[in-house]
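**Q** Below are the structure tokens for one structure; questions will follow.
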Amino acid sequence: MTSDARDPASIAFAELDPGQDFATQVGLDGGPCTLLDILVVPPGAQDEVIEHWRLHAEYMMTRPGCIGAQMHRALGDGRTLVNLAVWESPSALLAAVTAPEFAAIASDYPPGTYCTRQLLSKEAVEGICVA
């Protein structure tokens, strides 16, 4: 699932935290989780990447365990997009991203699209927020 090389035919995935690969993260059993995807897109391709993400999100929303997703876009001409997707569990996310439909959609991103990712859980911070 991890690709260090930038494959010209698809989105390239890499680890945000090199000390914990994505396969390890989705193998953890920890209840609800949030997928953080940080995408860097080729110049001028932001709208095209957002359209491909929309296709991905439509697919993910049909998968068991997907709670929701949001896309955030850099202001101005920034080339960064951030996806936050909430899942019932890492295993539900794993089932979705290992399905053939997921790979087919990922292969349609503009060449040079690069994504770093991390699976997160909510953290309670006393006096500030609850988990």
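Nothing in this text is a laboratory measurement; each read-out follows from the coordinates by a stated rule. Note that this is a predicted model, so its numbers are computed, not measured. Cβ sites come from the backbone with ideal geometry, for glycine too, and all protein chains shown count toward neighbours.
**Q** For R54 and E126, what does the FRET efficiency come to when R0 = 25 Å and r is the distance between their Cβ atoms, rounded to the nearest 0.05?
**A** Working: r = 38 Å, r/R0 = 1.53.
That pair, R54 with E126, gives E of 0.05.
**Q** Sort largest first and round to whole Å: the equivalent ellipsoid semi-axes of the chain, each the square root of five times a Cα gyration tensor eigenvalue.
**A** Semi-axes (√(5λ), whole Å): 24, 18, 15.
**Q** Mind checking which of E88, E15, E101 has the largest fluctuation in a GNM of the chain, springs on alpha carbons under 10 Å?
**A** E101
**Q** For W87, W53, which order do you get if you count the other beta carbons within 10 Å of each Cβ and list the fewest first?
**A** Ranking W87, W53 by Cβ neighbours within 10 Å, fewest first, gives W53, W87.
**Q** In degrees from 0 to 90, rounded to the nearest 10, what is the angle of the helix 46-61 Cα long axis to the longest principal axis of the chain?
**A** 40 degrees
**Q** Once fully extended, how much extra length lies between E88 and L36, figured as 0.36 nm per residue of separation less the alpha-carbon to alpha-carbon distance? Walk me through the intermediate numbers first.
**A** On the way: separation 52, 0.36 × 52 = 18.72 nm, distance 1.46 nm.
Extra length available between E88 and L36 comes to 17.3 nm.
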